[in-house]
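What follows is a set of notes on a single structure, which appears directly below.
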Number of protein chains: 2
Amino acid sequence: MSKRERISIGLMGLGVIGSGVARALLERVDAIAQQVGCPLILKRALDCDISKKESAELPDQMFTSDPNQLLHDPEIDIVIEVIGGDTHALAYIKEALSTGKHVVTANKEVIAKHGPELRSLAAENRVDIRHEASVGGGIPIINPLKQDLLANKISAIHAIINGTTNYIVTRMAAENIDFITVLKQAQELGYAEANPANDVEGVDAVYKLAILATLAFRTEIHPEDIYREGISRLTSQDFRHAKELGYAIKLLAIAKEENHSVQVRVHPAFVPEGLLLAKVDGVFNAIEIEGDLTGKVVFYGRGAGPLPTSSAIVADVIQLAQSINLGLPPKPQPQPSQIKKITSISHIVTRYYMRLTTTDSPGVLAQIAKILGDHSISIASVIQKEADAQAQTAEIVIMTHPAQESAMQKALRETEALPVVKEIGNLIRVED
Amino acid sequence: MSKRERISIGLMGLGVIGSGVARALLERVDAIAQQVGCPLILKRALDCDISKKESAELPDQMFTSDPNQLLHDPEIDIVIEVIGGDTHALAYIKEALSTGKHVVTANKEVIAKHGPELRSLAAENRVDIRHEASVGGGIPIINPLKQDLLANKISAIHAIINGTTNYIVTRMAAENIDFITVLKQAQELGYAEANPANDVEGVDAVYKLAILATLAFRTEIHPEDIYREGISRLTSQDFRHAKELGYAIKLLAIAKEENHSVQVRVHPAFVPEGLLLAKVDGVFNAIEIEGDLTGKVVFYGRGAGPLPTSSAIVADVIQLAQSINLGLPPKPQPQPSQIKKITSISHIVTRYYMRLTTTDSPGVLAQIAKILGDHSISIASVIQKEADAQAQTAEIVIMTHPAQESAMQKALRETEALPVVKEIGNLIRVED
């Protein structure tokens, strides 16, 4: 077996994550060399922004702002990509794979959109592409799905995979404050970005769910297959009602396979407070996978930040380096084995929470109940409360039994058109 | 790359687990063949008890009661050992490795006691020994520790890794019933064995902790290094006090590294009810690992039973078979890199809950407080209640600040000797 004198690494992107990865590699150089069997050398670090050279505190000769210096250096065996986004990053990853370099990336957008293509390109060039950091930060989830759970037929994923939104809903639930106030504080604390749309509208969670569902169901799930709703419509009333009814509200990423069809959706959901997912608070993430053999298993931890992300990236790098040092070829990537149908959101069946403001007059509930009944939607419970004497309005909360989404949406439109209905406050799906 | 026509498996042990594994392999033969690249054939199944041939519902020619028919069959590539215990199982595993067969085992006792020796034997014979099922049933934990977390310096493990005891403490907490009553019901339900000592006295958890700590700290931790207390001394009073004070009581397996010394212990512990581990109920298991990069990650799921155990075993088998099919040699096993010191239980520092029954007379608390003070043990809170007027006794509950175990034990003996003290009800460590 060929033993190497050293294995060289190129790092692309020196933002918060990239600097963290560089530090992790440099700080534990001896421990890593022992695990790999030869030294791992961080040879070159790229950022187009020259000021990053200072902030990352790297030796001058290591830094470059020219991608070719890294991608076309024949000594570099492994490229770490932590630039993010899918413009430059995608081009660089392709170039690296094409020139026979292994790639480790944290880029959920690139993997969600181009995973199958990149895996094929890697296989053609007899190299590997790994992306444990793309979902769940430092929580091992990609490799467990690829390896440890592969005896299972997986039926469902329920995941809290966006720390920003979980921080916001946790504080809304605990403190009875509104979305905008918490969002602003989250921005001040660095938990939310200046432009928070990617997180609060569920885009980030969609990318991650696409990656998980593709692996779990051994089929290609694309971001555009996934139904998406963010958390910006949640109000403090919703959290108050949820609590009274025994639920937490979480932004869930859900994937289920039923009858060879996959439903994939990201939206706020009522989660019974007895379930472990209901107890995942703050910036923490949790991914629950249900397999036919293992039952429900949950992976929990910090889903973001430079240190957890470095944990996943450096582990991927070490495992690649171990194989390189032993002269082992990369294991073939699991190939999507089936094209599965995507279940349209209008065909899902679930329970619903519905909150609406009506005029405070007799017969209102009867009119709403009739519409629901006409659409075969059965009411599980009703709370009418908080009549506002001055405005002469009442708030009605309805929990339904399982109903089809298309029926619920029709009923909702008809309810909204009732003269006695002032406003549909919210409609939130329930995940038991 | 050499592709195989088939890969043959020998299965040793046809109890509940073995039958489950056989069924899992036979039922999903097509899916597995697709994942491996060639068919996996269950060629021979061994049990010394011939009646197992019937109950496992295997074809006649597959069954044998002669270990040599399996261990010396040159066609068999992988041996699955689910006999359990460390007499026959150990001998068979050694024989299998020596004759160049890969081994997959669920045997926590054998791995805990003989892991390093077996890994060396495997390496000598250029085969692999895998044991994902030895800890946590269907929860991926061994491979994540070996691979996904290997960039981390791990500082602590806190684990609920025995389903029987967690079932018992969960019911004791919820229903205010005593240990013996719950144990009997657990036995009737099949959650506890006829001879429950291995579970309730913490022996099973000790084996599992030895395996986890050996991997996490890259050193050899032996079962006899681990301090052990079971749950049989817990009473309904302890659970009532714990709840009032904001804690759950769990049988915890704990391993921590501080100053190049490792403390390893299995005992009941007060766990603050806000922590995820406090919410792990019933037969479920959870393993919390704390790494310097990833922070705390938790792995949760069913820790026992034929289906979850099959999930782990079959995944190990598939991964081995993938390598065999590609002609890849096994990756070198992580070798223990350091001999670390074991911290004696008398040197640990922790908080304590102490419950005692005293005479209901003035000055009692002062006497106890003086003893604690003499040993530099500071009291955090005291509850005195439930004076039994008839018996003229009082129950006192003391929570301490962090104190050294040796000091606490000395204070306990002196307290016990006080004429006013009728009985030390319990002393339970607190894990924050």
Does A:GLN263 satisfy the criteria of being over 14 Å from the mean Cα position of the chain (by Cα) and part of a strand (DSSP E or B)? yes
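Within the range A:238-258, can you find the residues that are out of contact with any Asp or Glu (no Cβ under 7 Å at 6 or more places or on another chain), closer than 14 Å to A:TYR353 by Cα and surrounded by fewer than 19 Cβ atoms within 10 Å (Cβ to Cβ)?
Step one: filter the range A:238-258 for residues out of contact with any Asp or Glu (no Cβ under 7 Å at 6 or more places or on another chain), giving A:238-245, A:250-251, A:253, A:255-258.
Subset that is closer than 14 Å to A:TYR353 by Cα: A:238-245, A:250.
The answer is A:ARG240, A:LYS243, A:GLU244, A:LEU245.
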Out of (1) among the charged types (D, E, K, R); (2) in a loop (DSSP other than H, G, I, E, B); (3) surrounded by 24 or more Cβ atoms within 10 Å (Cβ to Cβ), what's the single condition that is false for A:ASP316? (2)
Name the residue, out of A:ASP178, A:ASP148, that is crowded, with 21+ Cβ neighbours inside 10 Å and of a type in the set (Asp, Glu). A:ASP148
With respect to A:VAL266, is the statement that it is under 27 Å from A:LYS341 (Cβ atoms), crowded, with 24+ Cβ neighbours inside 10 Å and either not hydroxyl-bearing (Ser, Thr, Tyr) or not assigned by TED's automatic domain parsing to the domain that holds A:ILE287 (or both) true? yes
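Are any of the residues in the range B:352-359 hydrophobic (A, V, I, L, M, F, W, C), within 15 Å of B:VAL397 (Cα to Cα) and either assigned to a loop (DSSP other than H, G, I, E, B) or more than 14 Å from chain A (Cβ to nearest Cβ) (or both)?
Checking the range B:352-359: at least one residue is hydrophobic (A, V, I, L, M, F, W, C), within 15 Å of B:VAL397 (Cα to Cα) and either assigned to a loop (DSSP other than H, G, I, E, B) or more than 14 Å from chain A (Cβ to nearest Cβ) (or both).
Looking at the range A:287-304, which of its residues are at the interface with chain B (Cβ under 8 Å from one of its Cβ atoms) and either surrounded by fewer than 22 Cβ atoms within 10 Å (Cβ to Cβ) or not aromatic (Phe, Trp, Tyr) (or both)? Talk me through it step by step, then tell me what you get.
In the first step, residues of the range A:287-304 are kept if they are at the interface with chain B (Cβ under 8 Å from one of its Cβ atoms); the result is A:291-302.
Within the range A:287-304, A:GLY291, A:ASP292, A:LEU293, A:THR294, A:GLY295, A:LYS296, A:VAL297, A:VAL298, A:GLY301, A:ARG302 qualify.
The rows are residues; the columns are (1) away from chain B (no Cβ under 14 Å); (2) of a type outside the set (S, T, N, Q); (3) surrounded by fewer than 20 Cβ atoms within 10 Å (Cβ to Cβ); (4) in contact with a helix residue (DSSP H, G or I) (Cβ under 6 Å, 6 or more places away or on another chain).
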site	(1), (2), (3), (4)
A:VAL29	no, yes, yes, no
A:ASP60	yes, yes, yes, no
A:ASP77	yes, yes, no, yes
A:LYS108	yes, yes, no, yes
A:ARG126	no, yes, yes, no
Determine if the range A:358-378 includes at least one residue that is at pLDDT 95 or above, within 30 Å of A:ALA210 (Cβ to Cβ) and either touching a Phe, Trp or Tyr at 6+ places or on another chain (Cβ under 8 Å) or not β-branched (Val, Ile, Thr) (or both). no
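Take A:ILE289 and decide whether it is farther than 28 Å from A:VAL182 by Cα and outside any strand (DSSP E or B). Outline the logic, then answer.
On the way: farther than 28 Å from A:VAL182 by Cα: yes; outside any strand (DSSP E or B): no.
No.
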Looking at B:ASP316, B:ASP388, which is the one that is in contact with an Asp or Glu (Cβ under 8 Å, 6 or more places away or on another chain) and modelled with pLDDT under 95? B:ASP388
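For the range B:323-349, give me the residue count where each residue is within 14 Å of chain A (Cβ to nearest Cβ) and among the small types (Gly, Ala, Ser).
To start, the set of residues in the range B:323-349 that are within 14 Å of chain A (Cβ to nearest Cβ) comprises B:323-338.
Filter once more, so that each one left must be among the small types (Gly, Ala, Ser): B:323, B:327, B:337.
Matching residues across the range B:323-349 total 3.
Going by what's in this entry, would B:ASP374 be described as surrounded by fewer than 16 Cβ atoms within 10 Å (Cβ to Cβ), out of contact with any helix residue (DSSP H, G or I) (no Cβ under 9 Å at 6 or more places or on another chain) and more than 26 Å from B:ARG228 (Cα to Cα)? Reasoning before the result, please.
Values: surrounded by fewer than 16 Cβ atoms within 10 Å (Cβ to Cβ): yes; out of contact with any helix residue (DSSP H, G or I) (no Cβ under 9 Å at 6 or more places or on another chain): no; more than 26 Å from B:ARG228 (Cα to Cα): yes.
Spelling it out, it is not the case that B:ASP374 is surrounded by fewer than 16 Cβ atoms within 10 Å (Cβ to Cβ), out of contact with any helix residue (DSSP H, G or I) (no Cβ under 9 Å at 6 or more places or on another chain) and more than 26 Å from B:ARG228 (Cα to Cα).
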May I ask you to list the residues in the range A:75-99 that are at pLDDT 95 or above and acidic (Asp, Glu)? A:GLU75, A:ASP77, A:GLU81, A:GLU95
Which of the residues belonging to the range B:309-322 are more than 7 Å from every other protein chain (Cβ to nearest Cβ) and under 10 Å from B:ILE7 (Cβ atoms)? B:VAL317, B:LEU320, B:ALA321
Suppose we filter the range A:181-209 for residues that are among the charged types (D, E, K, R), surrounded by fewer than 18 Cβ atoms within 10 Å (Cβ to Cβ) and in a helix (DSSP H, G or I); how many remain? 2
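Search the range B:155-172 for residues being hydrophobic (A, V, I, L, M, F, W, C) and out of contact with any Ser or Thr (no Cβ under 9 Å at 6 or more places or on another chain), and hand back the single one that is farthest from the other protein chains (Cβ to nearest Cβ).
Start the filter on the range B:155-172 by keeping residues that are hydrophobic (A, V, I, L, M, F, W, C), which leaves B:156-157, B:159-161, B:168-169, B:172.
Retained after the next criterion (residues that are out of contact with any Ser or Thr (no Cβ under 9 Å at 6 or more places or on another chain)): B:156-157, B:159-161, B:168-169.
On the way: B:ALA156: 14, B:ILE157: 14, B:ALA159: 13, B:ILE160: 13, B:ILE161: 14, B:ILE168: 20, B:VAL169: 18 Å.
Once the filter is applied, the top-ranked residue is B:ILE168.
Listed here are the residues, each with its yes/no results for (1) in the same structural domain as A:GLU81 (by TED's automatic domain parsing); (2) under 11 Å from the mean Cα position of the chain (by Cα); (3) at pLDDT 95 or above.
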| position | (1), (2), (3) |
| --- | --- |
| A:LEU121 | yes, no, yes |
| A:ALA173 | no, no, yes |
| A:ASN176 | no, no, no |
| A:LEU183 | no, no, yes |
| A:ALA186 | no, no, no |
| A:GLY190 | no, no, no |
Residues located in the range B:269-279, provided they are in contact with a helix residue (DSSP H, G or I) (Cβ under 7 Å, 6 or more places away or on another chain) and facing chain A (nearest Cβ under 10 Å): B:LEU276, B:LYS279
Within the range A:329-347, is even one residue buried (at least 20 other Cβ atoms within 10 Å of the Cβ) and assigned to a strand (DSSP E or B)? no
Please find, among B:LEU58, B:LEU97, B:LEU90, the residue that is under 19 Å from B:PRO332 (Cα atoms) and without any contact (Cβ under 8 Å) to a residue 60 or more places away in the chain. B:LEU97
Can you tell which of B:GLU54, B:GLU5, B:GLU95 is among the charged types (D, E, K, R), farther than 26 Å from B:GLY305 by Cβ and surrounded by fewer than 14 Cβ atoms within 10 Å (Cβ to Cβ)? B:GLU5
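The values are calculated or read from the model by the stated rules, or taken from the named source; none is laboratory data. Only a predicted model underlies this, so the values are computations on that prediction, with no experimental measurement involved. Note that we place each Cβ from the backbone using ideal geometry, even for glycine, and neighbour counts take in every protein chain shown.
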